[in-house]
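Data block below; observations after.
The values are calculated or read from the model by the stated rules, or taken from the named source; none is laboratory data. These numbers come from a predicted model, not from an experiment. Please note: Cβ atoms are built from the backbone with ideal geometry, for glycine as well, and neighbour counts cover all protein chains shown.
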Amino acid sequence: MKTKKVTWILFGMVYLAACTTTSSPSVTPIPSQIPTQTTSPVTVTACNPAQFIEVLRQVVPYEEISISYNHFSDTANLMAWFVDPALNPQASDSEIQDLTELAIRHSIEIAHSLAFTEPCITAVFDSLTVIAVDHLYHAWYVGAVPPSKIPITEMLSEDEWTELEGMFDAGYQRTERVLEGEVPEIPEGGCAWPEARQKLKEAFTQAQKNVALYYYIDPDGGSVYVQWDIPPVAETAQQINDYFFIPLPTIDTAVSCLYPPFDTLWLFYVRQDGKAQWIFAIDGEAVRAEDHQEFIDHLELIYQTTAE
């Protein structure tokens, strides 16, 4: 019989606990890149993330990214996930340290670029988390930094760079090989993350601006994160409830084929201002059962907003 164990996850210095089975490895702490190649800062009149989140998405110089924000447990978080093509999942033991240092550098670059582009983030958010993965979605670096500690200058001096690097709290950094041998082929009926992510996008409308879809694998297992905001049309408590359940069948179907299989699916349902309404976790095995009712039955409530 499978036993339960506690899984910890970190979003901008805030830890949440969830139960997963021992056959489903735990989710590691998440905290948060660089040639400091930046453009002139974009000025936004009000420090409202809904107004500048799309601008931030335009300045991250990687093809696969996820930039989003949320707020729970009295902590406002800005999240940045990116696929770094410079990270080789088949790197040898002798290459791991150099590539991990590169992942850290690129993560710091992204953090600086976001803060320089929109200085408002230093006032709005308590934590900026950056996650660097390779093209097979293995995590290389997960680090978090208080945005207020990021210098708002176009180019960082060597001293500023060193000081900023020291401000990052590393939740994970790779120290060992990702793959030994050939990349495993996706079995029949399976799908890679880009296909799953495209299907996930179909669950949400263009009016939902704070959607986050990302996936990564570390030594403890694979984790999928899906965040969506309550649509502006949802005004009543019943409508807010409905817009949580409406996309669940699509989410279930989209990620059930994901290969390599993930261990935990995290669902973040947030308000227009980013405040978390609910956070749920579900074991990957329940998702792969391809039974929507079983999916719902296995949802584990991790966090819910308090009445205001």
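In segment 270-281, how many residues are surrounded by 23 or more Cβ atoms within 10 Å (Cβ to Cβ) and either within 16 Å of Gln198 (Cβ to Cβ) or of a type outside the set (Gly, Ala, Ser) (or both)?
So in segment 270-281, the residues surrounded by 23 or more Cβ atoms within 10 Å (Cβ to Cβ) come out as 270, 274, 279, 281.
Restricting the remaining residues to those that are either within 16 Å of Gln198 (Cβ to Cβ) or of a type outside the set (Gly, Ala, Ser) (or both) gives 270, 279.
Matching residues across segment 270-281 total 2.
Which pairs turn up if I take residues in segment 284-308 that are under 19 Å from Ser223 (Cα atoms) and assigned to a loop (DSSP other than H, G, I, E, B) and look for partners that are aromatic (Phe, Trp, Tyr) and modelled with pLDDT of 95 or more with beta carbon separation below 7 Å, at least 6 apart in sequence or on another chain?
Partner pairs satisfying both residue conditions: Leu299/Phe280.
Considering each of Ser73, Ser92 in turn, give the residue that is under 24 Å from His138 (Cβ atoms), out of contact with any helix residue (DSSP H, G or I) (no Cβ under 7 Å at 6 or more places or on another chain) and among the small types (Gly, Ala, Ser).
Of the residues listed, the single one that is under 24 Å from His138 (Cβ atoms), out of contact with any helix residue (DSSP H, G or I) (no Cβ under 7 Å at 6 or more places or on another chain) and among the small types (Gly, Ala, Ser) is Ser92.
Name the residues in segment 145-159 that are under 22 Å from Val124 (Cα atoms) and not aliphatic (A, V, I, L, M), would you?
Pro146, Pro147, Ser148, Lys149, Pro151, Thr153, Glu154
From the residues in segment 117-136 that are surrounded by fewer than 24 Cβ atoms within 10 Å (Cβ to Cβ) and under 25 Å from Pro85 (Cα atoms), which one is farthest from the chain's Cα centre (by Cα)?
Only one residue fits best here, namely Thr117.
Has segment 45-65 got at least one residue that is acidic (Asp, Glu), modelled with pLDDT of 95 or more, farther than 20 Å from Ile150 by Cα and crowded, with 20+ Cβ neighbours inside 10 Å?
Looking through segment 45-65, none of the residues is acidic (Asp, Glu), modelled with pLDDT of 95 or more, farther than 20 Å from Ile150 by Cα and crowded, with 20+ Cβ neighbours inside 10 Å.
Quick one: in segment 67-116, which of the residues that are of a type in the set (Ser, Thr, Tyr) and out of contact with any Gly (no Cβ under 7 Å at 6 or more places or on another chain) is surrounded by the most Cβ atoms within 10 Å (Cβ to Cβ)? Before you say what the answer is, go through the steps one by one.
Initial filter on segment 67-116 (of a type in the set (Ser, Thr, Tyr)): 68-69, 73, 75, 92, 94, 100, 107, 113.
Narrowing further to those that are out of contact with any Gly (no Cβ under 7 Å at 6 or more places or on another chain): 68, 73, 92, 94, 100, 113.
Values: Ser68: 26, Ser73: 14, Ser92: 9, Ser94: 7, Thr100: 19, Ser113: 23.
Only one residue fits best here, namely Ser68.
Could you count how many residues in segment 219-269 are of a type in the set (D, E, K, R), modelled with pLDDT under 95 and either under 19 Å from the mean Cα position of the chain (by Cα) or surrounded by 20 or more Cβ atoms within 10 Å (Cβ to Cβ) (or both)?
Qualifying residue count, segment 219-269: 1.
Could you check Tyr214 against (1) exposed (fewer than 13 other Cβ atoms within 10 Å of the Cβ); (2) of a type in the set (Ser, Thr, Tyr); (3) outside any loop (DSSP other than H, G, I, E, B) and say which number it fails?
(1)
Taking the condition surrounded by fewer than 16 Cβ atoms within 10 Å (Cβ to Cβ), modelled with pLDDT under 95 and more than 30 Å from Pro184 (Cα to Cα), does Ser148 pass?
no
Return the pairs, sorted by first residue and then second, in which the second residue is of a type in the set (A, V, I, L, M), the first residue lies in segment 71-98 and is over 24 Å from Val60 (Cβ atoms), the beta carbons are less than 7 Å apart, and the residues are 6+ apart or on different chains.
Ser73/Val14; Gln90/Leu179
Being more than 17 Å from Ser223 (Cβ to Cβ) and small (Gly, Ala, Ser) is the filter here; which residues of segment 246-275 pass it?
Matches in segment 246-275: Gly274 only.
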